[in-house]
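The values are calculated or read from the model by the stated rules, or taken from the named source; none is laboratory data. Note that the coordinates shown come from a computational prediction; the quantities given were computed from them, not determined experimentally. Virtual Cβ from ideal backbone geometry, glycine too; neighbours counted across all protein chains shown.
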Amino acid sequence: MPQLQALLDWLSALPPTTLLGAMAVLAAVENIFPPIPADVLVAFGGFLAARGDHSPWPAFLAVWGGNVAGALFMYWLGRRLGRQWIDRQFHLGAAGQNEARLAAWHARYGPFALFVSRFLPAVRALVPPMAGALHFPLLELTLAISLASATWYGAITWLAFTTGNNWEALVARVSALGMWSGVIAVALVTAALAIWWRRRRRAS
């Protein structure tokens, strides 16, 4: 992909301080423009940062703060502009069904539902604006998003700083991380649905 390679080349040319800022921006933009390959770009930024600074903390704090800030911005937009804007922004034909599902999950599982949803590739970018449109409590969302982002980007940063000089190996490990986190999230959702269905069946 020429565009991705161009972004990687651009990151490679940045000085260390600017690189951290770019990583924060990329992590934030993932919430606004989901098609951007933020995980790969952030991993590459961490890979470059590891070559010049042996501490992973600046890289982690940059991407964590950027991602949470981007999510809160989308929450604010969803709260201000409403459900119709979400439908237009993300081209969702069944936005109402998605919102109803998230609302039901939140009513039953609270912040845990928001946390798990951030690990589902197809819906994680939708969680903040939908939570805003549904007027979920800001503090609750902030805590759930912060914990999920710390878990996800903490893992990517750790991989970037422990893989060594093998970029291809890092890409493979980040890809595996994404796959397994999605599998675990889907398994948790499936288990929760199964428990709910059994309880409902017993009640009836």
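Could you grab me the full set of residues in the stretch 9-53 that are among the polar types (S, T, N, Q) and surrounded by fewer than 23 Cβ atoms within 10 Å (Cβ to Cβ)? Show your work before the answer.
Our first condition is that a residue be among the polar types (S, T, N, Q); within the stretch 9-53, this holds for 12, 17-18, 31.
SER12, THR17, THR18 - these are the residues of the stretch 9-53 that are among the polar types (S, T, N, Q) and surrounded by fewer than 23 Cβ atoms within 10 Å (Cβ to Cβ).
Can you pull out every residue in the stretch 143-157 that is surrounded by fewer than 16 Cβ atoms within 10 Å (Cβ to Cβ) and within 21 Å of LEU77 (Cα to Cα)?
LEU143
Can you tell me how many residues within the stretch 35-74 are farther than 23 Å from ALA169 by Cβ, among the polar types (S, T, N, Q) and at pLDDT below 90?
Qualifying residue count, the stretch 35-74: 0.
Look through GLU140, GLU168 and report the one residue that is within 30 Å of GLN5 (Cα to Cα), acidic (Asp, Glu), surrounded by fewer than 22 Cβ atoms within 10 Å (Cβ to Cβ) and out of contact with any His (no Cβ under 6 Å at 6 or more places or on another chain).
One residue alone meets the criteria, GLU168.
Check PRO137 against each of (1) free of Cβ contacts under 8 Å to residues at least 12 places away in the same chain; (2) within 26 Å of LEU77 (Cβ to Cβ); (3) within 14 Å of the chain's Cα centre (by Cα) and name the one condition it does not meet.
Result: PRO137 fails condition (3) only.
Of the conditions (1) crowded, with 20+ Cβ neighbours inside 10 Å; (2) in contact with a Gly (Cβ under 8 Å, 6 or more places away or on another chain); (3) under 21 Å from ASN166 (Cβ atoms); (4) not aliphatic (A, V, I, L, M), PRO56 satisfies every one except a single condition; which number is it?
(1)
Go through the stretch 75-111 residue by residue and tally those that are within 16 Å of ALA125 (Cα to Cα), at pLDDT 80 or above and either among the acidic types (Asp, Glu) or surrounded by fewer than 17 Cβ atoms within 10 Å (Cβ to Cβ) (or both).
So the answer is 2.
Any residue in the stretch 65-82 that is over 9 Å from PRO128 (Cα atoms) and touching a residue at least 60 places away in the same chain (Cβ under 8 Å) sitting within a Cβ distance under 6 Å of a residue that is crowded, with 19+ Cβ neighbours inside 10 Å and among the aliphatic types (A, V, I, L, M)? List the pairs, counting only those 6 or more apart or interchain.
ASN67/ALA27; VAL68/ILE145
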